[in-house]
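The values are calculated or read from the model by the stated rules, or taken from the named source; none is laboratory data. This is a predicted model, so every value here is computed, not measured. Note that we place each Cβ from the backbone using ideal geometry, even for glycine, and neighbour counts take in every protein chain shown. For accessibility, only protein heavy atoms count, side chains too; no ligands or nucleic acids. Shrake-Rupley method; radii C 1.70, N 1.55, O 1.52, S 1.80 Å.
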Amino acid sequence: MLKRFTRYVTQSVAGMIGISVYVLADTFFISVYSGADGLAVLNLILPVYGLIYAIGAMIGIGSATRYAISRAKGKNTEHYFVQSVTWSILAAVPFMLIGIFIPDKALALLGADAGLIGLGRNYVRIILIATPFFMSNYTFTAFARNDGAPSIAMIGSISGSIFNIIFDYIFMFPVGLGFSGAGLAKGIWPIRTKTANALGAGLATAICPIVTMSVCTIHYRSSRNHVGFHWKKPSFRHLISCCQLGVSAFVGELSSGVIAIVFNFLILGIAGNMGVAAYGVVANLSIVAFAIFNGLAQGAQPLISESYGKGQPTQVRKLLKWSLFVCLAVEALIQLIIWTSTDTLISIFNSENNVQLLNYAHTGLRLYFLGFIVAGINIVLVAYFSAVDEPKIAIVGSFLRGIVAIVICAVILAKLFGLNGIWISLLAAETVTFLTILFLAYKDRRKRIKPYCSLRSQ
């Protein structure tokens, strides 16, 4: 089992890092030619990514988790995959309409001024129109992973990421998307403008999940596939049943967007656009850290759900211990990298060598990443409770760490300590969440022991 656990976790982490890398690729290429303004635009758009990924994760990962538990119990699961894709597409419709008709208003609502709206309009339009692919991507990868094909899910995610990085460059520079046809017809190296850079990056990012889903189809067409593709009328009851187990994934993805919105408005009031640009560096690097822990949790989830469905509590506890041990080791490694390579990491996105940006991001990166000492453990615990069909603790822990605690801590600490207070709010919020999860788990265990003791005494 340890060998299987290692394979699932490493491949899941690699796949999640692959997903996060294409966001970093956008950030890098746009920062090279758009500078601090480009970073500010991308940071304002991060909440949009967060919400899209959150809904897709809730439906896709929740459905795949329910599929794993139900299949282990011998129930009919032939319609789970098609239901998940159907609901993902339906959930994407509002985003597509916003992208087609009112992308400017969406950016303004996120806090962009007239200059930033002009810079990010085309990018956000493309991303929103491609929402069905982003959302369905979670269904394709999660079902493959829960159907015993973590390697395919990993290869798919990495393939999509590699495609995005390569075509970011191709679309933005040699092809020169967004520029006049005259320049291309003459064979002149296209004049680089900020808007075109964003347009090219947007197209590359939008196509990325299509590549991932195409690779995952290899498993679904193979003899090892157990996932059914039977059509069944969309059921709200089925959706709710699956989403209960996907709420932790929903909030896990949404939290980055919520944090970005709250931090953006707080930082704008304290340090202006340069402060937001610095947070853009911190936020984009944190995406990789969150991806690692989410990959760990999602890698262990199929095995925990399978053991739980088969009624093997000893195996479930063993898998949880292994997950927490790996989590602690990764947390230590992340802290070592951040504190020894702070300025090197910032320089990747600081193409203009802006001193003020460097100063803000230097302090911010070190203080913010202290929160990952606890965040990784919380992500694993929340995923564990979802995997063993205890959604109550998972939901409370998810909403606390992803929305409630982080918002309250950020607002209070910003008033007390200014910009530094915002940076340390992640640590404060994750600590509150960890203590709450422990309390709820202890309380739930006491409730289960009492009836057992009463029966023993009779």
Checklist line | Mean Cβ count within 10 Å, highest first, over the residues of peptides 134-141, 209-216, 371-378, 349-356 | finding: 134-141, 371-378, 209-216, 349-356
Checklist line | Förster radius 41 Å - calculated FRET efficiency between ILE170 and TRP339, Cβ distance, rounded to 0.05 | finding: 0.65
Check: Roughly speaking, what is the stretch gain from ILE240 to SER223, that is 0.36 nm per residue apart minus the C-alpha to C-alpha distance, in nm to one decimal?
Finding: 3.0 nm
Next item on the list: Take peptides 247-255, 264-272 and line them up by average Cβ neighbours within 10 Å, highest first, as a rough protection proxy.
Entry: 247-255, 264-272
Check: Heavy-atom accessible area of HIS226 with all protein chains present, probe 1.4 Å, nearest 10 Å²?
Finding: 90 Å²
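Remind me, relative contact order of region 274-427 in percent, using alpha carbon pairs under 8 angstrom and six or more residues apart?
29 percent
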Next item on the list: Just reorder GLU331, GLU306 by solvent-accessible area, largest first, 1.4 Å probe, all chains present.
Entry: GLU306, GLU331
Next item on the list: On a 0 to 90° scale, report how tilted helix 194-220 is relative to the longest principal axis of the chain, with both axes built from alpha carbons and the result rounded to the nearest 10.
Entry: 30 degrees
Checklist line | Option label - Rg and Dmax of the Cα atoms in Å computed here, alternatives (1) 21.1, 72; (2) 23.4, 71; (3) 22.2, 92 | finding: (3)
Checklist line | Heavy atoms of LYS443 accessible to a 1.4 Å probe, total area in Å² rounded to 10 | finding: 100 Å²
Item checked: For GLN312, distant residues with modelled amide H under 5 Å away -> none
Check: VAL288 to ASN76: FRET efficiency via 1/(1 + (r/R0)^6), r the Cβ-Cβ distance, R0 45 Å, to the nearest 0.05?
Finding: 0.70
Checklist line | the chain: calculated mean residue ellipticity at 222 nm from DSSP helix runs of at least 4, using -39500 (n - 2.57) | finding: -29500 deg cm²/dmol
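Kindly flag which residue pairs out of LYS392/LYS415; LYS73/LYS233; LYS321/LYS415; LYS232/LYS310 have an alpha-carbon separation exceeding 29 Å in this structure. Mind dumping the intermediate values first?
Values: LYS392/LYS415 33 Å; LYS73/LYS233 23 Å; LYS321/LYS415 39 Å; LYS232/LYS310 27 Å.
With Cα atoms farther than 29 Å apart: LYS392/LYS415; LYS321/LYS415.
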Item checked: In order through region 120-134: 3J(HN,Hα) via Karplus (6.51 cos²θ - 1.76 cosθ + 1.60), integer Hz, x for Gly, Pro -> x, 4, 5, 4, 5, 4, 5, 4, 5, 5, 8, 3, x, 6, 4
Next item on the list: Please arrange LEU285, LEU319, LEU97 by accessible surface area, largest first, computed with a 1.4 Å probe and ligands excluded.
Entry: LEU97, LEU285, LEU319
Margin query: Just to verify a number: FRET efficiency for ILE412 and GLN312, C-beta to C-beta distance, R0 = 30 Å, to 0.05?
Written below: 0.10
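To the nearest 20 debye, what charge dipole does region 271-423 have about its Cα centre, counting +1 at the Cβ of each Lys and Arg and -1 at the Cβ of each Asp and Glu? Don't skip to the answer; put the middle values down first.
Working: 8 positive and 6 negative charges, 81 e Å.
In debye, rounded to 20, region 271-423 gives about 400.
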Check: What percent does the relative contact order of the chain come to when contacts are Cα pairs within less than 8 Å and at least six residues apart?
Finding: 23 percent
Checklist line | Accessible-area ranking of TYR169, TYR49, largest first, probe 1.4 Å | finding: TYR169, TYR49
Note to self: I'd like to know which of SER84, LEU110, GLY120 lies farthest towards the positive end of the charge dipole of region 60-120, counting +1 on Cβ of Lys and Arg and -1 on Cβ of Asp and Glu.
What the structure shows: SER84
